[in-house]
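Read the structure below first, then the notes.
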Amino acid sequence: MSGTCPVCLGSKRIPAPNDKYVKTYAGYDGNTHTLPCDNCGGQMMWGTPTGEVNLNRDGIPCTHDYDYTKLGNCLHGYSCKHCDFHYTIDSGD
């Protein structure tokens, strides 16, 4: 089951920080001063926000909080503490 992302409210975008390097951030939109949502897909390698997330154990759309595991030399795993969502990133170090 899934529900509307509580971070971006389904818009797939979040407000960008006021940072002097913000224009170099992946996915930055200068017209709206936003970034891709990093709760509903933008946090993954080549991830695209979907506007939806898994439900947590209470049946509410999840605001993810991750446990980190080093899976290999360059492979990093992330598992949400509140729902069954997980993903991996190959950093290529």
- CYS80 vs (1) in contact with a Pro (Cβ under 9 Å, 6 or more places away or on another chain); (2) in contact (Cβ under 8 Å) with a residue 24 or more places away in the chain: all pass except (1)
- Check segment 45-55 and report whether any residue there is surrounded by 11 or more Cβ atoms within 10 Å (Cβ to Cβ), closer than 24 Å to GLY3 by Cβ, without any contact (Cβ under 8 Å) to a residue 24 or more places away in the chain and touching a Lys or Arg at 6+ places or on another chain (Cβ under 6 Å). no
- Matching option when the condition is over 16 Å from the mean Cα position of the chain (by Cα) and of a type in the set (A, V, I, L, M, F, W, C), among LEU9, LEU75: LEU75
- Query: Cβ-Cβ below 8 Å, separation at least six or inter-chain, first residue in segment 1-24 and under 15 Å from LEU55 (Cβ atoms), second part of a loop (DSSP other than H, G, I, E, B) and among the hydroxyl-bearing types (Ser, Thr, Tyr): which pairs?
  - Reply: CYS5/THR50; PRO6/THR63; VAL7/THR63
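Each reported figure results from applying straightforward, stated rules to the coordinates on display, with no laboratory input. Note that the structure is predicted; figures quoted are calculated from it, not measured. All Cβ positions, even for glycine, are placed from backbone atoms using ideal geometry, and neighbour counts span all protein chains on display.
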